[in-house]
Structures are given as structure tokens and as C-alpha cells.
Amino acid sequence: MLSKFQNKYRVPSARWQSWDYSSEGLYFITINAVHHECLFGTIVDKEMYLSAYGQIAAEEWNKSFEIRTELFCDAFVIMPNHIHAILRIEYHVEPHGCAADCASDEFDAETHDCASLPDDDNIRISIRGARDGYGVAFREPKSISSFVGGFKAVVTTRINTLRQTKGQKVWQYRFHDHVIRDYEACRRIGAYIDSNIVNWKDDRYYKP
């Protein structure tokens with residue numbers, strides 16, 4: 001359903017209106033490429049091979065957690081035309097980076113500075129090659145929306161510089177999010193992310 005803002009139709013925000021997205025908690029997010037184009041790589045024999053654009057997305061994802069001390073990456077996968085992740089906002093912890101976790105070919109997702117999930121519930125991810133508020137544009141500082149907005153902007157700039165397509169869209173305007181409320185939901189979503197590459201042909205965003 002469309003609504004109007006400043007006399008223009010727009011898709012209403014999917015954000016949970018009563019929830020503060022800068023508050024501590026776990027968040028499952030999905031960020032889609034524009035028109036679900038397979039910009040970030042291909043999956044062959046159940047392995048994800050990143051394109052040059054996918055490499056950029058991976059690099060900028062890792063950098064984000066080096067500068068956002070309140071934000072942690074508990075699970076992450078780049079698919080040909082979208083990204084899935086479990087993000088955690090937690091304040092008053094030691095500075096950290098996600099680069100060491102997310103850059104390896106295969107890694108166990110750790111809950112930074114907290115006890116890890118049991119071994120059989122750890123989220124294993126394989127990536128080969130690299131590893132609303134005050135108006136439509138407002139993003140709460142240190143919120144999930146501000147993180148996603150900044151990440152999308154820098155990736156878009158770098159990709160458009162590489163392919164010499166200034167101003168061309170890389171991402172869909174919105175992103176999908178879900179507030180994770182309990183351990184079972186976290187385990188289930190983690191398992192989904194874990195198997196996303198293997199089950200690519202059954203994915204809702206699959207394109208040959």
C-alpha cells in the first residue's frame with residue numbers, strides 16, 4: 001500500500017514504529033540489490049564467488065564494524081543479489097572489529113565479548129573470493145537504519161566509480177529488518193543464513 005509524503009507516493013516504512021532501532025538488541029536484516037540484479041557474484045557448486053562489486057561490499061561491511069564500537073556482526077553472508085546478517089547493538093564494551101571474523105573463507109560467528117552459542121548452533125558461513133522518526137530521510141544516530149544507510153552509500157559510490165556509472169542505483173531503497181526476541185529465533189535465523197548459499201536455487205530472490 002502506498003502513502004503520500006510531500007505530495008509524492010512512497011512505500012510505507014517497514015520499521016516497527018514503537019521500537020527504538022538504536023537500542024541494544026539483535027536484528028536480522030536483509031539488504032537487496034536494485035531490481036534483484038546479481039551484482040555481487042555467482043554461486044557455483046554451492047560456493048559463493050564474489051564479483052569485484054561483491055568484494056567492495058565485503059570490504060566496506062568489515063570496515064563498518066571497525067568504526068562502530070556499539071555494533072557487532074554475529075552472522076553475515078553475501079548472496080548474488082542480497083545480503084543477510086544478524087547484527088547486535090551493545091553499548092559499553094571494548095572496541096572491536098568485524099573484519100577478522102567476516103574476512104576469512106570460513107568462520108564461526110562469535111557473540112563478541114559474550115559467551116558463544118553452543119558449538120552445534122554456531123553459524124558457519126562460506127564465502128570464497130573475499131572474504132522512522134522525523135521525516136523520510138531521518139535516521140536515528142547509532143541505529144540500524146543509520147548503519148545501513150552509510151554502508152549502502154559508500155558501496156554505491158565505490159561501485160559506480162569502478163564501473164563509471166555516476167548516480168546509478170546499486171541497492172533497493174528500503175531494507176528488511178526483524179527484531180530477534182529470543183534464543184530460538186536467533187538459532188533459527190542463524191541456521192537460515194548458514195544454509196543460504198547451499199539452498200540458493202530455492203531462495204525467494206533466486207535468479208539463474
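Values quoted throughout were computed directly from the atomic coordinates according to the rules given, and no laboratory measurement underlies them. This is a predicted model, so every value here is computed, not measured. FYI the Cβ positions are ideal-geometry reconstructions off the backbone, even for glycines, and counts take in every protein chain you see.
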Task: Residue order, fewest to most surrounding Cβ atoms within 10 angstrom, among Asp74, Asp45 - done: Asp45, Asp74
Open item on the list: What does the net charge come to around Val155 if you take all other residues with beta carbon closer than 11 Å to its beta carbon, with K and R at +1 and D and E at -1?
Closed with: +1
Open item on the list: For Lys152, Lys142, which order do you get if you count the other beta carbons within 10 Å of each Cβ and list the fewest first?
Closed with: Lys142, Lys152
- [ ] Fewest Cβ neighbours within 10 Å first, please rank His82, His178 accordingly.
- [x] His178, His82
- [ ] Could you check the simple spin-label distance between Asp182 and His36, using points 7 Å along Cα→Cβ, in nm with one decimal?
- [x] 3.2
